[in-house]
Amino acid sequence: MDVPPEHVQVPLNFDPWRQDLNVTVPDGQGGWVIVTRNMMDLDQYRYYGFRLAISYGTGFGASLMLFLILLLMTKPDRRKSFVFVLNTTCVLLNAIRCLLFCAWVTGNFYNPYSVLAQDWSHITKRDFGTQITTNVLGILVNALIFASLGLQVWIACVTTSALQRNVIMAVTTIMASVSFGYRVAAVYYNIRLTLSYQNGDSIEELVSLSYILQAVAIWLYSCVFTFKLGCAIIQRRRLNMPQFGPMQVVFIMGCQTMLIPAIVSTLQFRFATVLPEIIGHVLTVVCIFLPLSAIWAGVVSDQQVASRNSNARQRFIRNDLYVAESASAAGGSSTAFDRSRQMSVWSDTKSKDMDGIPLNSSEPNHKSRNSIGIRIDRNFDVSRGDAADQV
């Protein structure tokens, strides 16, 4: 039987959107007490939960999509490389982390009564498992990100002197290790407080410091990587190799894939009160943007090689293309030799066009033996291009 509504008297300045709510909670001694909460607290709780679910759901979809793209776009012979395994593992673990966080939002930790009354008596082992696994996966993703950043910086500095390379790697590795150590400590104490049904106010400074060190480490890796590639491109132009190749693609995309995550890691301190969920997206943005430059550089390299000569398309489909083992650059032209099968000769763009002209073997005379040249006993294909495209 429905109870008829009861009319009440309210003040003149009464705002129903900000009215108080009475929540009955246990007092811990077998009795019950009434705790007053404001309607705005419930609205903020609802709004924040929606934003968290949407944000981490988006991160899950983006990570899963990039994981599938990596599997489809990477050639089978490159799937055994350490960089590929590192990036795919990082993206996959981040997708699982985002999915578990979405499950946390729908669990008892985020139940309206649990949050408003601060009553955690209905927390199950599954809720604890989801919370702890999410934090542990965050540590693993953080470690894989720093490993991938360190590997990319090492590759970018491979042409520098041993002293410079060792100094750069030592500084970046120490910074990453300190940041990772603080992150592990923050997660450890957070798990302990969660298991004891306590809030995380006591470790707020430790968590903030771990985020600051993480942002500094990401900025350090990004600046070193982008600066080194920029210097390499300037050096190529001095050697009269201005062609747009994979290195330029890596530099352009490196400015995006390295600097954007660094900027996002900085925005978390400026907009933490406006966009509190941005803190959880720093790892997602970094692990998503890391493999993109390598994918686009590989696509550009394949397109350039596939369009070199008339029959290159069929050879490219058969995966029978030449891969340069070594190359030398001088005065804007380079030559790379494959002793087992082919030899391709590249010249400057102003030189004579030699595409499609075979070098037929013939018996050289005495004069040709004494002259500067190459005696050959088989046919070779000759194509024209720039060795800079093979970098």
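The values are calculated or read from the model by the stated rules, or taken from the named source; none is laboratory data. Keep in mind that this is a model prediction, so the values were computed, not measured. Neighbour counts run over all protein chains shown; Cβ positions are idealised from the backbone, glycine included.
Structure notes:
- Within segment 185-205, tally of residues that are among the hydrophobic types (A, V, I, L, M, F, W, C) and surrounded by fewer than 16 Cβ atoms within 10 Å (Cβ to Cβ): 4
- The single condition among (1) more than 30 Å from I278 (Cα to Cα); (2) assigned by TED's automatic domain parsing to the domain that holds S148; (3) touching a helix residue (DSSP H, G or I) at 6+ places or on another chain (Cβ under 9 Å) that V10 does not satisfy is (2).
- Here R165 meets the list (1) within 18 Å of Y221 (Cβ to Cβ); (2) touching a helix residue (DSSP H, G or I) at 6+ places or on another chain (Cβ under 8 Å); (3) loosely packed, with under 14 Cβ neighbours inside 10 Å almost entirely, failing just condition (3).
- In the set (1) in contact (Cβ under 8 Å) with a residue 24 or more places away in the chain; (2) in a helix (DSSP H, G or I), Y197 fails one condition alone, (2).
- Counting only residues that are outside any helix (DSSP H, G or I) and in contact with a strand residue (DSSP E or B) (Cβ under 9 Å, 6 or more places away or on another chain), segment 27-56 holds 8 of them.
- Members of segment 27-45 that are of a type outside the set (V, I, T) and surrounded by 11 or more Cβ atoms within 10 Å (Cβ to Cβ): R37, N38, M39, M40, D41, L42, D43, Q44, Y45
- Checking F227 against (1) more than 19 Å from L267 (Cβ to Cβ); (2) without any contact (Cβ under 8 Å) to a residue 24 or more places away in the chain; (3) over 19 Å from the mean Cα position of the chain (by Cα), the condition it does not meet: (3)
- Selection from segment 74-101 of residues that are closer than 22 Å to Y56 by Cα and surrounded by fewer than 17 Cβ atoms within 10 Å (Cβ to Cβ): none
- Matching residues, segment 181-192, being touching a residue at least 40 places away in the same chain (Cβ under 8 Å) and under 23 Å from Y221 (Cα atoms): R183, V184
- Matching residues, segment 134-148, being crowded, with 23+ Cβ neighbours inside 10 Å and within 14 Å of A186 (Cα to Cα): N142
- The condition of being of a type in the set (A, V, I, L, M), free of Cβ contacts under 8 Å to residues at least 60 places away in the same chain and closer than 30 Å to V282 by Cβ holds for only one of L68, L86, that being L68.
- Failed item, numbered, when M241 is tested on (1) surrounded by 20 or more Cβ atoms within 10 Å (Cβ to Cβ); (2) in a helix (DSSP H, G or I); (3) modelled with pLDDT under 80: (2)
- All conditions but one from (1) among the polar types (S, T, N, Q); (2) touching a strand residue (DSSP E or B) at 6+ places or on another chain (Cβ under 6 Å); (3) surrounded by 13 or more Cβ atoms within 10 Å (Cβ to Cβ) apply to T24; the one that does not is (3).
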